[in-house]
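First comes the structure, then the notes that go with it.
What follows is calculated from the coordinates using simple rules that are stated; it is not laboratory data. Worth saying up front: this structure is predicted, and the values here are computed from it rather than measured. Cβ coordinates were reconstructed from backbone atoms using ideal geometry, including for glycine residues, and neighbour counts include every protein chain displayed.
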Amino acid sequence: MKDTSYAFAVGYIRALETHLLTKATYNNLEESLSLEDFSSKLQAVGYPIEHFDSLESLNSQLQKHFIDNCEYIRQICPSKAPFKWLWLRNDVANYKAVLKSVFSDSPWLNLISYPNSIDPYIMEKCIKSKNFDNMPDFFKQTSLGAFEIMSKTLNIKKTENYIDQNLYKIMLNLAHKDEFLLNRTKLEINLKNLNMAIRYLMFNQDLQYLSEVLIEGGTIDLSQIVKSAEDGLKNVAALFEKINIKNIYDNISKDPLYIEQLSSSIIDKFDETYRSSAFGFAPIVAYIKALKNEHTILKSIAVSLLWKNVNNKLRKG
């Protein structure tokens, strides 16, 4: 398929968005009596999956639905580069899962994220053979370095931090032609760095090592983050004003996990601002996220139904 314009791609995305499930539909699905009933209701609203009678069948069909949608959208976009930015996230998550599983001798198949650009089985083969020649060039050095850190230290946190530092270097490079992706990547780096500084403070970690784990490429200077951390939590909280977030010190000081919730909401708000203006790649990112969330909700409803049926059987028994 030939490249088309962003206008065509965004128009197609807008049409797809009209098929996303509504809250009323979710409420109706939650009232299903069984997986069979749930399946019938999904088909009745025109959801593009076949009848299913197990969570495994539902999950398999949703995964195929997601991959097929992403691949078609990729084909109609005028530039394929932004999709490398998207798939890189899944490649990195998959590499972390496979690397950890190989060293702990545990299964990784159910931990894999789709779609991706690198076959997880190739990742496993490279890790076990200690030869990364079959990995793509853009990911080879990162995967090799992470393997060496993991093999020497068995420290998954240190290994993941190394991967993240290299991940954002690659993401910034892939995003340089798309203003939305570039600004989004820099925002994520800011949030990750501030999150790390807050964690160091709240869990009394040695601040002399903070600079080693921060990620370059954000809009907030790393030396300023380190200096603010040395001056206390309130000073780190004040840095949020640089990304237009104010008065969060009380929330952070009460709840160490607040920063993660805040980060997610900031990213969502950023995406929505650009999505509504049909800016470049933004509507596509927003739709892929919405479709993924939709599938997550459907699987959650299915799990609830299964538990409900198990509990009913236990009561009757």
Requested in this report: Set the Förster distance to 25 Å, then compute FRET efficiency between Ser253 and His19 from the Cβ-Cβ distance, nearest 0.05.
Outcome: 0.05
Query raised in the report: What whole number of Å gives the distance from the Cα centroid of region 106-131 to the Cα centroid of region 33-68?
Result: 27 Å
Requested in this report: Mind sorting Asp91, Asp53 by how few other Cβ atoms lie within 10 Å of their own Cβ, fewest first?
Outcome: Asp53, Asp91
Report task. Apply 1/(1 + (r/R0)^6) to the Cβ-Cβ distance of Gln75 and Ser304, taking R0 = 35 Å, and write down the FRET efficiency to the nearest 0.05. Result -> 0.45
Report summary line: Here the gain from full extension of Glu31 to Ala238, 0.36 nm per residue of separation minus their alpha-carbon distance, amounts to 69.9 nm
Requested in this report: State whether region 179-279 is rounded, prolate or oblate according to the following rule on the C-alpha gyration tensor (a ≥ b ≥ c being the square roots of its eigenvalues): a/c under 1.5 gives rounded; otherwise a/b larger than b/c gives prolate, and the remaining case gives oblate.
Outcome: prolate
Requested in this report: Starting from region 1-96, pick out the trypsin sites (Lys or Arg not before Pro) whose DSSP state is loop and whose Cβ has at most 16 other Cβ atoms within 10 Å.
Outcome: Lys2, Lys80
Report summary line: For the chain the mean separation of alpha carbon contacts under 8 Å (6+ apart) over residue count, i.e. relative contact order in percent, is 19 percent
Report task. Find the relative contact order for region 81-177 and round it to a whole percent, using C-alpha pairs within less than 8 Å whose residues are 6+ positions apart. Result -> 30 percent
Query raised in the report: What spacing in nm lies between the two simple spin-label points modelled at Ser113 and Lys152, each 7 Å away from Cα in the Cβ direction?
Result: 2.7 nm
Query raised in the report: What's the local net charge at Asp164, with K and R +1, D and E -1, over the other residues with C-beta under 14 Å away?
Result: +2
Report task. Please label the shape of the chain as rounded, prolate or oblate, based on the square roots a ≥ b ≥ c of the eigenvalues of the alpha-carbon gyration tensor (a/c under 1.5 means rounded; beyond that, a/b larger than b/c means prolate, else oblate). Result -> rounded
Report task. Would you mind telling me which residue in Thr18, Thr142, Thr185 has the biggest mean-square fluctuation in a Gaussian network model of the chain, where springs connect alpha carbons within a distance under 10 angstrom? Result -> Thr18
Report summary line: Looks like region 50-154, by Cα gyration tensor root eigenvalues a ≥ b ≥ c and the a/c under 1.5 rounded cutoff (else prolate when a/b is bigger than b/c, oblate otherwise), is oblate
Query raised in the report: So what is the relative contact order of region 179-279, in percent, for Cα pairs below 8 Å that sit 6 or more residues apart?
Result: 28 percent
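Name the GluC sites (Glu not before Pro) in region 1-51 that are in a loop by DSSP and that have at most 14 other C-beta atoms within 10 Å, would you?
Counting only loop positions with at most 14 other Cβ atoms within 10 Å, the GluC sites (Glu not before Pro) in region 1-51 are Glu31, Glu50.
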Query raised in the report: Helix-derived [θ] at 222 nm for the chain: sum -39500 (n - 2.57) over DSSP H runs of at least 4, divide by residue count, nearest 500?
Result: -23500 deg cm²/dmol
